[in-house]
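Before any comments, here is the structure.
The values are calculated or read from the model by the stated rules, or taken from the named source; none is laboratory data. These numbers were taken from a predicted model, which means no experiment stands behind them. Positions of Cβ are generated from backbone atoms using ideal geometry, with glycine treated the same way; all protein chains shown enter the neighbour counts. Please note that ligands, DNA and RNA were not included when accessible areas were found on the heavy atoms of the full protein model with its side chains. Shrake-Rupley method; radii C 1.70, N 1.55, O 1.52, S 1.80 Å.
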Amino acid sequence: MTRICAILAAILLSCVGATAQEFSALARIIPEGSRIADQRRDGVAIDLSLSQGVPYRLFTLNDPPRLVLDFQEIDWSGLQPETLLQGKRVARVRFGAYLPGWSRLVAELAQPMAVGRSAMRIDHESGGAHLALTLVPVSAEVFAATAGAPHDPRWDLPHPSLPPARSERGDSAPLIVVLDPGHGGIDPGAETGDVVEKDLMLTFARELREVLLRSGGFQVMLTREDDRFVSLERRIALAHQARADVFLSLHADALTQGLAHGATVHLLSNDASDRASAKLAERHDRGDLLSGVDLSAADDRVTGILLDLARQETRPRTELLARAVVDGIAQTGNPMNRRPLRRAAFSVLKAADIPSILIEMGFLSSPRDLKNLQDPVWRESMAVGIRNGLLNWRNTDTERRALRRR
(Lines give C-alpha, C1' and ligand atoms only; values in the text may rest on other atoms or scores of the structure.)
Protein backbone atom coordinates (compact mmCIF):
# COMPACT_ATOMS: atom_id res chain seq x y z
CA MET A 1 0.00 0.00 0.00
CA THR A 2 1.29 3.47 -0.76
CA ARG A 3 2.30 5.90 1.93
CA ILE A 4 -0.84 7.97 1.33
CA CYS A 5 -3.12 4.95 1.70
CA ALA A 6 -1.37 4.03 4.95
CA ILE A 7 -1.93 7.51 6.30
CA LEU A 8 -5.57 7.41 5.26
CA ALA A 9 -6.11 4.03 6.90
CA ALA A 10 -4.77 5.54 10.11
CA ILE A 11 -7.20 8.42 9.75
CA LEU A 12 -10.08 5.97 9.41
CA LEU A 13 -9.00 3.97 12.46
CA SER A 14 -8.50 7.03 14.64
CA CYS A 15 -11.86 8.44 13.55
CA VAL A 16 -13.64 5.19 14.34
CA GLY A 17 -11.93 4.70 17.67
CA ALA A 18 -12.30 8.24 18.93
CA THR A 19 -15.89 8.90 18.02
CA ALA A 20 -17.67 5.59 17.37
CA GLN A 21 -19.85 6.01 20.44
CA GLU A 22 -21.14 9.31 19.02
CA PHE A 23 -22.31 7.83 15.68
CA SER A 24 -25.95 6.86 15.71
CA ALA A 25 -28.50 8.32 13.30
CA LEU A 26 -27.72 9.05 9.67
CA ALA A 27 -25.32 11.97 9.30
CA ARG A 28 -26.52 14.92 7.22
CA ILE A 29 -24.48 17.23 5.05
CA ILE A 30 -24.90 20.92 5.94
CA PRO A 31 -24.80 22.71 2.56
CA GLU A 32 -24.18 26.22 3.87
CA GLY A 33 -21.00 25.06 5.64
CA SER A 34 -19.62 23.04 2.72
CA ARG A 35 -17.53 24.18 -0.24
CA ILE A 36 -14.71 23.25 -2.61
CA ALA A 37 -12.67 26.35 -3.41
CA ASP A 38 -9.38 27.28 -5.07
CA GLN A 39 -6.52 28.40 -2.84
CA ARG A 40 -3.38 30.39 -3.45
CA ARG A 41 -0.41 28.62 -5.07
CA ASP A 42 -2.69 26.44 -7.17
CA GLY A 43 -4.11 24.52 -4.22
CA VAL A 44 -7.67 23.51 -3.34
CA ALA A 45 -9.52 23.59 -0.02
CA ILE A 46 -12.36 21.15 0.63
CA ASP A 47 -14.64 21.85 3.58
CA LEU A 48 -17.57 19.59 4.42
CA SER A 49 -19.87 20.36 7.32
CA LEU A 50 -21.74 17.39 8.83
CA SER A 51 -24.40 16.99 11.48
CA GLN A 52 -22.15 14.47 13.25
CA GLY A 53 -18.80 12.75 12.88
CA VAL A 54 -18.55 9.68 10.67
CA PRO A 55 -15.74 7.28 9.73
CA TYR A 56 -14.18 8.22 6.41
CA ARG A 57 -11.34 7.36 4.08
CA LEU A 58 -9.86 9.10 1.06
CA PHE A 59 -7.65 8.13 -1.84
CA THR A 60 -6.88 9.15 -5.42
CA LEU A 61 -7.54 7.49 -8.78
CA ASN A 62 -5.89 8.19 -12.11
CA ASP A 63 -7.08 8.52 -15.75
CA PRO A 64 -8.57 11.06 -15.16
CA PRO A 65 -7.16 12.30 -11.83
CA ARG A 66 -9.79 12.08 -9.09
CA LEU A 67 -10.07 12.39 -5.34
CA VAL A 68 -12.43 9.89 -3.71
CA LEU A 69 -13.98 10.39 -0.26
CA ASP A 70 -15.89 7.49 1.32
CA PHE A 71 -18.05 8.00 4.43
CA GLN A 72 -20.30 6.04 6.66
CA GLU A 73 -23.68 6.80 5.09
CA ILE A 74 -24.52 10.47 4.62
CA ASP A 75 -27.75 12.19 3.67
CA TRP A 76 -26.74 14.56 0.86
CA SER A 77 -30.16 16.27 0.68
CA GLY A 78 -29.96 19.96 -0.17
CA LEU A 79 -26.39 19.89 -1.48
CA GLN A 80 -25.99 20.89 -5.14
CA PRO A 81 -22.77 20.34 -7.11
CA GLU A 82 -22.91 23.81 -8.64
CA THR A 83 -23.03 25.49 -5.21
CA LEU A 84 -20.46 23.16 -3.64
CA LEU A 85 -17.91 23.96 -6.36
CA GLN A 86 -16.51 27.48 -5.97
CA GLY A 87 -13.38 27.27 -8.10
CA LYS A 88 -11.94 25.89 -11.34
CA ARG A 89 -9.30 23.41 -10.13
CA VAL A 90 -11.94 20.78 -9.41
CA ALA A 91 -13.71 20.25 -12.71
CA ARG A 92 -16.68 18.22 -11.46
CA VAL A 93 -18.03 16.68 -8.27
CA ARG A 94 -20.46 13.79 -7.75
CA PHE A 95 -21.84 12.30 -4.54
CA GLY A 96 -24.34 9.68 -3.47
CA ALA A 97 -24.77 6.12 -2.19
CA TYR A 98 -21.86 3.73 -2.73
CA LEU A 99 -22.12 0.46 -0.74
CA PRO A 100 -24.74 -0.61 1.83
CA GLY A 101 -24.36 1.89 4.66
CA TRP A 102 -21.67 3.95 2.91
CA SER A 103 -21.55 7.05 0.72
CA ARG A 104 -19.02 8.43 -1.74
CA LEU A 105 -17.94 11.81 -3.09
CA VAL A 106 -15.81 11.93 -6.24
CA ALA A 107 -14.00 15.13 -7.22
CA GLU A 108 -12.58 15.19 -10.76
CA LEU A 109 -9.39 17.24 -10.67
CA ALA A 110 -8.36 19.65 -13.40
CA GLN A 111 -4.72 18.67 -12.73
CA PRO A 112 -2.89 16.05 -10.62
CA MET A 113 -3.06 16.97 -6.92
CA ALA A 114 -2.21 15.19 -3.69
CA VAL A 115 -3.68 15.52 -0.21
CA GLY A 116 -1.69 18.09 1.76
CA ARG A 117 -3.55 17.68 5.03
CA SER A 118 -6.87 16.31 6.26
CA ALA A 119 -8.65 16.46 9.59
CA MET A 120 -12.14 15.96 10.97
CA ARG A 121 -12.94 18.20 13.93
CA ILE A 122 -15.95 17.37 16.10
CA ASP A 123 -17.79 19.86 18.28
CA HIS A 124 -18.31 17.94 21.52
CA GLU A 125 -21.22 20.15 22.53
CA SER A 126 -23.30 19.96 19.35
CA GLY A 127 -21.91 16.71 17.95
CA GLY A 128 -21.43 18.43 14.59
CA ALA A 129 -18.32 17.75 12.54
CA HIS A 130 -16.17 19.60 10.02
CA LEU A 131 -13.92 17.79 7.55
CA ALA A 132 -11.16 19.98 6.13
CA LEU A 133 -8.82 18.89 3.32
CA THR A 134 -6.21 20.68 1.29
CA LEU A 135 -4.93 19.55 -2.09
CA VAL A 136 -1.57 20.60 -3.53
CA PRO A 137 -0.28 20.22 -7.11
CA VAL A 138 2.04 17.30 -7.90
CA SER A 139 3.53 15.92 -11.09
CA ALA A 140 1.63 13.39 -13.15
CA GLU A 141 4.30 10.79 -12.32
CA VAL A 142 3.97 11.30 -8.55
CA PHE A 143 0.18 11.24 -8.78
CA ALA A 144 0.14 8.00 -10.79
CA ALA A 145 2.57 6.33 -8.38
CA THR A 146 0.38 7.01 -5.34
CA ALA A 147 -3.08 6.55 -6.92
CA GLY A 148 -5.20 3.50 -6.22
CA ALA A 149 -8.01 2.30 -4.00
CA PRO A 150 -6.99 0.59 -0.74
CA HIS A 151 -8.46 -2.82 0.08
CA ASP A 152 -10.14 -3.01 3.47
CA PRO A 153 -12.79 -5.62 4.43
CA ARG A 154 -14.62 -3.00 6.49
CA TRP A 155 -15.33 -1.05 3.31
CA ASP A 156 -15.59 -3.81 0.69
CA LEU A 157 -18.59 -6.01 -0.02
CA PRO A 158 -18.44 -9.49 1.56
CA HIS A 159 -17.70 -12.44 -0.69
CA PRO A 160 -20.70 -14.75 -1.09
CA SER A 161 -20.23 -18.51 -0.93
CA LEU A 162 -19.60 -20.15 -4.30
CA PRO A 163 -22.27 -22.45 -5.77
CA PRO A 164 -21.09 -25.44 -7.82
CA ALA A 165 -20.00 -24.78 -11.40
CA ARG A 166 -22.52 -25.64 -14.13
CA SER A 167 -20.44 -28.62 -15.24
CA GLU A 168 -20.86 -30.00 -11.73
CA ARG A 169 -24.58 -29.17 -11.59
CA GLY A 170 -25.55 -30.94 -14.81
CA ASP A 171 -27.38 -29.82 -17.95
CA SER A 172 -30.78 -29.84 -16.22
CA ALA A 173 -29.65 -27.44 -13.49
CA PRO A 174 -31.16 -23.93 -13.47
CA LEU A 175 -29.34 -21.35 -15.57
CA ILE A 176 -27.64 -18.81 -13.29
CA VAL A 177 -28.24 -15.37 -14.78
CA VAL A 178 -26.64 -12.21 -13.41
CA LEU A 179 -28.57 -9.07 -14.35
CA ASP A 180 -26.57 -5.87 -14.23
CA PRO A 181 -28.71 -2.69 -14.04
CA GLY A 182 -26.40 -0.07 -15.50
CA HIS A 183 -25.06 2.85 -13.45
CA GLY A 184 -26.39 3.64 -9.95
CA GLY A 185 -25.64 5.88 -6.97
CA ILE A 186 -23.33 8.73 -7.94
CA ASP A 187 -23.44 7.57 -11.59
CA PRO A 188 -26.89 8.40 -13.02
CA GLY A 189 -26.25 7.34 -16.61
CA ALA A 190 -28.26 9.00 -19.37
CA GLU A 191 -30.84 11.60 -18.35
CA THR A 192 -33.78 13.16 -20.16
CA GLY A 193 -35.82 15.61 -18.12
CA ASP A 194 -36.69 13.80 -14.90
CA VAL A 195 -36.10 10.35 -16.42
CA VAL A 196 -32.80 8.78 -15.33
CA GLU A 197 -31.24 5.66 -16.85
CA LYS A 198 -30.11 4.16 -13.53
CA ASP A 199 -33.70 4.16 -12.20
CA LEU A 200 -35.23 2.74 -15.37
CA MET A 201 -32.70 -0.08 -15.56
CA LEU A 202 -33.13 -1.06 -11.92
CA THR A 203 -36.90 -1.22 -12.42
CA PHE A 204 -36.53 -3.32 -15.55
CA ALA A 205 -33.97 -5.65 -13.94
CA ARG A 206 -36.41 -6.41 -11.14
CA GLU A 207 -39.20 -7.02 -13.66
CA LEU A 208 -36.99 -9.24 -15.84
CA ARG A 209 -35.97 -11.22 -12.76
CA GLU A 210 -39.62 -11.92 -11.99
CA VAL A 211 -40.30 -13.05 -15.57
CA LEU A 212 -37.34 -15.43 -15.46
CA LEU A 213 -38.16 -16.84 -12.04
CA ARG A 214 -41.82 -17.41 -12.96
CA SER A 215 -40.69 -19.30 -16.07
CA GLY A 216 -38.72 -21.81 -14.00
CA GLY A 217 -35.25 -23.08 -14.81
CA PHE A 218 -33.47 -19.88 -13.82
CA GLN A 219 -31.60 -18.56 -10.80
CA VAL A 220 -31.25 -14.79 -10.96
CA MET A 221 -28.97 -12.34 -9.18
CA LEU A 222 -28.77 -8.54 -9.53
CA THR A 223 -25.46 -6.69 -9.25
CA ARG A 224 -27.33 -4.00 -7.34
CA GLU A 225 -30.71 -4.10 -5.60
CA ASP A 226 -31.12 -0.37 -5.07
CA ASP A 227 -29.68 3.01 -6.02
CA ARG A 228 -26.03 2.52 -5.18
CA PHE A 229 -22.75 2.70 -7.07
CA VAL A 230 -21.08 -0.59 -8.05
CA SER A 231 -17.75 -0.42 -9.87
CA LEU A 232 -17.34 -2.16 -13.22
CA GLU A 233 -14.78 -4.58 -11.82
CA ARG A 234 -17.06 -5.33 -8.87
CA ARG A 235 -19.93 -6.21 -11.24
CA ILE A 236 -17.72 -8.75 -13.00
CA ALA A 237 -16.46 -10.08 -9.67
CA LEU A 238 -20.03 -10.63 -8.46
CA ALA A 239 -20.78 -12.64 -11.60
CA HIS A 240 -17.75 -14.84 -10.96
CA GLN A 241 -18.66 -15.30 -7.31
CA ALA A 242 -22.16 -16.39 -8.31
CA ARG A 243 -20.69 -18.86 -10.88
CA ALA A 244 -22.90 -17.16 -13.45
CA ASP A 245 -23.74 -18.95 -16.70
CA VAL A 246 -24.78 -15.66 -18.35
CA PHE A 247 -24.14 -11.97 -17.64
CA LEU A 248 -26.62 -9.40 -19.01
CA SER A 249 -25.84 -5.69 -18.59
CA LEU A 250 -28.92 -3.49 -19.05
CA HIS A 251 -28.74 0.06 -20.40
CA ALA A 252 -30.68 2.80 -22.22
CA ASP A 253 -28.49 5.32 -24.02
CA ALA A 254 -29.10 8.91 -25.13
CA LEU A 255 -27.60 10.79 -28.06
CA THR A 256 -26.81 14.50 -28.03
CA GLN A 257 -26.61 14.55 -31.84
CA GLY A 258 -28.36 12.51 -34.50
CA LEU A 259 -31.35 10.23 -34.10
CA ALA A 260 -31.31 6.57 -33.20
CA HIS A 261 -33.97 4.29 -31.81
CA GLY A 262 -34.67 0.65 -31.08
CA ALA A 263 -32.90 -2.02 -29.07
CA THR A 264 -29.30 -3.09 -29.69
CA VAL A 265 -27.24 -5.96 -28.28
CA HIS A 266 -23.49 -5.56 -27.82
CA LEU A 267 -20.74 -8.11 -27.36
CA LEU A 268 -17.03 -7.60 -26.81
CA SER A 269 -15.06 -6.97 -30.00
CA ASN A 270 -12.07 -9.18 -30.82
CA ASP A 271 -9.62 -6.28 -30.58
CA ALA A 272 -11.10 -5.26 -27.24
CA SER A 273 -10.69 -8.86 -26.03
CA ASP A 274 -6.92 -8.64 -26.55
CA ARG A 275 -6.70 -5.32 -24.72
CA ALA A 276 -8.94 -6.66 -21.94
CA SER A 277 -6.62 -9.61 -21.36
CA ALA A 278 -3.64 -7.28 -21.09
CA LYS A 279 -5.40 -4.91 -18.70
CA LEU A 280 -6.75 -7.70 -16.50
CA ALA A 281 -3.33 -9.35 -16.37
CA GLU A 282 -1.89 -6.14 -14.92
CA ARG A 283 -4.08 -6.38 -11.82
CA HIS A 284 -2.52 -7.64 -8.61
CA ASP A 285 -5.72 -9.12 -7.15
CA ARG A 286 -6.51 -11.95 -9.57
CA GLY A 287 -9.00 -13.92 -7.52
CA ASP A 288 -11.94 -12.99 -9.77
CA LEU A 289 -10.38 -13.29 -13.22
CA LEU A 290 -11.42 -16.90 -13.95
CA SER A 291 -13.90 -18.97 -11.94
CA GLY A 292 -12.22 -21.83 -10.15
CA VAL A 293 -8.67 -20.91 -11.25
CA ASP A 294 -6.10 -19.49 -8.82
CA LEU A 295 -3.98 -17.01 -10.78
CA SER A 296 -2.34 -15.39 -7.77
CA ALA A 297 1.02 -17.04 -8.51
CA ALA A 298 0.86 -16.62 -12.31
CA ASP A 299 2.83 -13.88 -14.02
CA ASP A 300 1.24 -11.46 -16.50
CA ARG A 301 2.20 -13.52 -19.55
CA VAL A 302 0.74 -16.79 -18.21
CA THR A 303 -2.38 -14.98 -16.97
CA GLY A 304 -2.87 -13.38 -20.38
CA ILE A 305 -2.56 -16.75 -22.12
CA LEU A 306 -5.11 -18.36 -19.80
CA LEU A 307 -7.54 -15.48 -20.30
CA ASP A 308 -7.13 -15.71 -24.07
CA LEU A 309 -7.77 -19.47 -23.99
CA ALA A 310 -10.91 -18.90 -21.92
CA ARG A 311 -12.16 -16.32 -24.40
CA GLN A 312 -11.56 -18.66 -27.33
CA GLU A 313 -14.12 -21.02 -25.82
CA THR A 314 -16.47 -18.30 -24.58
CA ARG A 315 -16.48 -16.16 -27.74
CA PRO A 316 -18.64 -18.44 -29.96
CA ARG A 317 -21.02 -19.08 -27.07
CA THR A 318 -21.35 -15.32 -26.51
CA GLU A 319 -21.98 -14.79 -30.23
CA LEU A 320 -24.82 -17.33 -30.11
CA LEU A 321 -26.21 -15.70 -26.96
CA ALA A 322 -26.25 -12.25 -28.55
CA ARG A 323 -27.98 -13.51 -31.70
CA ALA A 324 -30.53 -15.50 -29.66
CA VAL A 325 -31.45 -12.44 -27.59
CA VAL A 326 -31.74 -10.27 -30.72
CA ASP A 327 -34.07 -12.86 -32.27
CA GLY A 328 -36.07 -13.23 -29.05
CA ILE A 329 -36.69 -9.50 -28.80
CA ALA A 330 -37.49 -9.16 -32.51
CA GLN A 331 -40.01 -12.01 -32.42
CA THR A 332 -42.05 -10.16 -29.78
CA GLY A 333 -42.48 -7.30 -32.24
CA ASN A 334 -40.49 -4.81 -30.18
CA PRO A 335 -38.58 -2.16 -32.17
CA MET A 336 -34.99 -3.06 -33.03
CA ASN A 337 -32.27 -0.76 -34.26
CA ARG A 338 -31.38 -1.13 -37.92
CA ARG A 339 -28.05 -2.57 -36.69
CA PRO A 340 -29.24 -4.61 -33.72
CA LEU A 341 -26.05 -6.64 -33.16
CA ARG A 342 -22.88 -4.68 -32.45
CA ARG A 343 -19.37 -5.14 -31.07
CA ALA A 344 -17.77 -2.73 -28.64
CA ALA A 345 -15.16 -2.42 -25.89
CA PHE A 346 -17.50 -2.03 -22.92
CA SER A 347 -15.52 -2.80 -19.76
CA VAL A 348 -18.45 -4.60 -18.18
CA LEU A 349 -18.27 -7.28 -20.91
CA LYS A 350 -14.69 -8.33 -20.15
CA ALA A 351 -15.30 -11.45 -18.05
CA ALA A 352 -13.22 -13.99 -19.98
CA ASP A 353 -15.15 -17.12 -19.04
CA ILE A 354 -18.79 -15.94 -18.83
CA PRO A 355 -20.91 -15.27 -21.95
CA SER A 356 -21.62 -11.56 -21.45
CA ILE A 357 -23.71 -9.13 -23.48
CA LEU A 358 -24.90 -5.57 -23.05
CA ILE A 359 -28.50 -4.82 -24.00
CA GLU A 360 -29.35 -1.23 -24.94
CA MET A 361 -33.13 -1.34 -24.57
CA GLY A 362 -33.56 1.90 -26.45
CA PHE A 363 -32.54 5.53 -26.54
CA LEU A 364 -33.83 8.11 -24.08
CA SER A 365 -33.22 10.68 -26.82
CA SER A 366 -35.87 8.96 -28.98
CA PRO A 367 -39.44 10.04 -28.05
CA ARG A 368 -40.79 6.63 -29.05
CA ASP A 369 -38.20 4.71 -27.05
CA LEU A 370 -38.63 7.01 -24.06
CA LYS A 371 -42.37 6.36 -24.03
CA ASN A 372 -41.80 2.61 -24.33
CA LEU A 373 -39.24 2.50 -21.55
CA GLN A 374 -41.72 4.12 -19.16
CA ASP A 375 -44.53 1.71 -20.15
CA PRO A 376 -44.72 -1.39 -17.88
CA VAL A 377 -46.62 -3.35 -20.55
CA TRP A 378 -43.87 -2.71 -23.10
CA ARG A 379 -41.17 -3.58 -20.56
CA GLU A 380 -42.87 -6.91 -19.83
CA SER A 381 -42.91 -7.69 -23.54
CA MET A 382 -39.20 -6.86 -23.73
CA ALA A 383 -38.54 -9.10 -20.73
CA VAL A 384 -40.39 -11.97 -22.40
CA GLY A 385 -38.28 -11.50 -25.55
CA ILE A 386 -35.06 -11.67 -23.53
CA ARG A 387 -36.33 -14.74 -21.67
CA ASN A 388 -37.17 -16.48 -24.95
CA GLY A 389 -33.71 -15.68 -26.24
CA LEU A 390 -32.11 -17.16 -23.11
CA LEU A 391 -34.21 -20.32 -23.38
CA ASN A 392 -33.29 -20.83 -27.03
CA TRP A 393 -29.64 -20.18 -26.32
CA ARG A 394 -29.58 -22.61 -23.39
CA ASN A 395 -31.01 -25.39 -25.57
CA THR A 396 -28.47 -24.75 -28.34
CA ASP A 397 -25.57 -24.38 -25.92
CA THR A 398 -26.49 -27.64 -24.13
CA GLU A 399 -26.65 -29.52 -27.43
CA ARG A 400 -23.27 -28.21 -28.55
CA ARG A 401 -21.67 -28.95 -25.19
CA ALA A 402 -22.91 -32.55 -25.43
CA LEU A 403 -21.28 -32.84 -28.87
CA ARG A 404 -18.00 -31.43 -27.53
CA ARG A 405 -17.91 -34.10 -24.79
CA ARG A 406 -18.06 -36.97 -27.34
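So, by mean Cβ neighbours within 10 angstrom, what's the order for 187-196, 44-53 with the highest one leading?
Most protected by this proxy first, the peptides run 44-53, 187-196.
So what are segment 80-149's ellipsoid semi-axes, whole angstrom, largest first, if each one is the square root of 5 times an eigenvalue of the alpha-carbon gyration tensor?
Here the semi-axes work out to 24, 16, 15 Å.
Out of residues 5 or more away from R228 or on other chains, whose amide H comes under 5 Å of its own, with H placed 1.01 Å from N in the peptide plane?
G185
May I ask you to give the solvent-accessible area per residue for segment 164-245, in square angstrom, as obtained with a 1.4 angstrom probe?
Counting only protein heavy atoms, the per-residue value for segment 164-245 is 38 Å².
Determine how large the accessible area of T318 is when every protein chain is in place; take a 1.4 Å probe and give Å² rounded to the nearest 10.
Here the accessible area works out near 10 Å².
For a quick protection proxy, order the peptides 211-224, 77-90 by their average other-Cβ count within 10 Å, most packed first.
Values: 211-224: 17.0, 77-90: 14.0.
Top to bottom by mean Cβ count within 10 Å: 211-224, 77-90.
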